[in-house]
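*Asks:* Below: one structure in C-alpha cells.
The values are calculated or read from the model by the stated rules, or taken from the named source; none is laboratory data. Quick caveat: nothing in here was measured; it's all calculated off a predicted structure. Cβ: placed from backbone, ideal geometry, glycine included. Neighbour counts: every protein chain shown.
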Amino acid sequence: MTRKIAVLAGDGIGPEVVGEAIKVLNRIDTSFEFEHALVGGAAYDDGGHPLPQSTLDLCRKADAVLLGAVGGPKYDKIQPPELRPEVGALLPLRSELNLYANVRPAKTIDALSSSSPLREGRGKMDLVVMRELTGGIYFAKPRERRDGGDTAVDTCIYRRHEVVRIAERAFEIARQRRNEIVSVDKANVLETSRLWREVVTEMAGQNQDVKVSHMLVDNCAMQLVRDPSQFDVILTENMFGDILSDEASMITGSLGLLPSASLSDPKDGQVFGLYEPVHGSAPDIAGQGKANPIATILSTAMMLRYSFKDNEGALRIERAVEQVLNEGLRTADIMSDGCRPASTIEMGDAIADCL
Ligand code: NAD
C-alpha cells in the first residue's frame, strides 16, 4: 500500500503544529512519503492565489492530505473575497476533492476533566459527529435577497445519493467503534429530513449489525449536554452537524485538542481523506512556540485509522497523547496547577518519545 501524504502546513501556527505531527508519524513508520505544498495566505503571498493548481494536483496524487490551518489578519481584506484563504482555499479543497464526510470525534480525557465546562459527574464522552459536508442549505441555490432586500431566501436540497454515501461512511466508522448510530434530523418539519430518515431507515435494514436510531436535532442538542455518554456515532446533515460538532467538541474543554477528518469515496480499498485540527491559524500566538500540537497529532491518528487502515498505529498515538497528559505535561492553553509547562516542540517530542 502506498502512503503518500500531501502536507499543506498553511499559515500562522499551521507549520509549527504540522511539524510535530510529522515527527510523530515518522516515529510510527519511516516509510511515509511527505510532499509539501503551499496553501492559504502563504500561497497567496507566493503566487497570488490561496489554492494554486500545483497544490490541488499534489493532493489528487496523494493518498491523504495533512492540513495545518489557513488565514490571518493580513489576508482578511483581500479583494475579491474569493481570494481570501478560507473562501479561496478551504471550500474549493472540499469540493474539488469531493470531501463530503466530515468526521469530528469528541472525547473527554480524564487528566483534563477540570477544563470541561460540564466537569465531573456527567459520564464520559467518546463520540464522533459524522457531518455531511458538501450539500444541504450551505450549498443549494437560490440563495438571494428579494423585495429590495427585505426578503431573504436560502434553499435546502438533499438528494438520495448524497444521503446514501455519507450514511455508508457512518456505518463503516460505527463498525470500528461501538456499532451504534443516532441519525439526527428535523423530520417533524423538514422534507429534506424526511428523505434523510427514509434513506437511513432503509440502510439500517441492510446493515443490521449496527444499531440505528433517530433523534430530532433540538432533542440531540439537549441530550449532548444532559448525557453525552449515550452517543457513539451521530450522523447528520451539513448545518445540524456544523452546530452539533462545535457543541460536542467544547464539552471536551479545549480547542487545541480536537482533530478532524474529511473523507471522500473509497478508491482501491483506501479512503481518501484530508486531516486537520479543528482550530484555526491562531495568529495571536504564531511563531512563539506556544501552540498545542495535540489536535494535529490526533488528526494523524485519524489518518492512520481511516485512510491507511492502521487502527493499531492510531491507538498507539492516542495512548501516547493520554500518557503525556496524565504525566502532567501541558502547553499554555491547557495549563493547570501542579503541571509542567511545555512548548510546541517539547509536547511533540514527549509524545514521539512515548512511541
Ligand atoms: P483560532 O482557532 O485560530 O484561535 C482561537 C483562539 O484559540 C486563539 O486565542 C488561539 O490562540 C487559540 N488556539 C487555537 N488553536 C490553538 C492551539 N493549537 N494551541 C493553543 N491555542 C490555540 O480561531 P480565530 O482566532 O477565530 O481565527 C484565526 C484565523 O484562522 C482566521 O483567519 C480564521 O479565518 C482562520 N481559521 C482557519 C481555519 C482552518 O484553516 N480550517 C479554521 C478556523 C479559523
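*Asks:* With the structure loaded, tell me whether ASN238 is more than 12 Å from the ligand (Cβ to nearest atom) and assigned by TED's automatic domain parsing to the domain that holds LEU190 or whether it fails that test.
*Replies:* yes
For (1) near the ligand (Cβ under 9 Å from one of its atoms); (2) touching a helix residue (DSSP H, G or I) at 6+ places or on another chain (Cβ under 8 Å), each residue gets a yes or a no:
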| position | (1), (2) |
| --- | --- |
| ARG3 | no, no |
| ASP11 | yes, yes |
| ARG27 | no, yes |
| THR30 | no, no |
| ALA43 | no, yes |
| GLN53 | no, no |
| CYS59 | no, yes |
| TYR75 | yes, yes |
| GLN79 | no, no |
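*Asks:* Shifting gears a bit: Mind counting the residues in region 256-285 that are surrounded by fewer than 18 Cβ atoms within 10 Å (Cβ to Cβ) and within 10 Å of the ligand (Cβ to nearest atom)?
*Replies:* 2
*Asks:* Next question, about the same structure. From (1) surrounded by 15 or more Cβ atoms within 10 Å (Cβ to Cβ); (2) touching a strand residue (DSSP E or B) at 6+ places or on another chain (Cβ under 9 Å); (3) charged (D, E, K, R); (4) more than 27 Å from ILE351 (Cα to Cα), pick out the condition that doesn't hold for GLU86.
*Replies:* (2)
*Asks:* Taking the conditions exactly as written (within 15 Å of the chain's Cα centre (by Cα), away from the ligand (no atom under 16 Å from the Cβ) and either at positive phi or of a type in the set (Lys, Arg) (or both)), does ARG169 satisfy them or not?
*Replies:* yes
*Asks:* Give me the pairs: first residue in region 50-75 and assigned to a helix (DSSP H, G or I), second residue at pLDDT 95 or above and away from the ligand (no atom under 16 Å from the Cβ), beta-carbon distance under 6 Å, and six or more apart or on different chains, which are they?
*Replies:* LEU58/GLU35
*Asks:* Kindly indicate which of ASP284, ASP232, ASP246 is charged (D, E, K, R) and modelled with pLDDT under 95.
*Replies:* From the options ASP284, ASP232, ASP246, the qualifying one is ASP246.
*Asks:* Check whether at least one residue in region 186-202 is aliphatic (A, V, I, L, M), closer than 21 Å to ILE251 by Cα and assigned to a helix (DSSP H, G or I), and report yes or no.
*Replies:* Checked region 186-202: no residue is aliphatic (A, V, I, L, M), closer than 21 Å to ILE251 by Cα and assigned to a helix (DSSP H, G or I).
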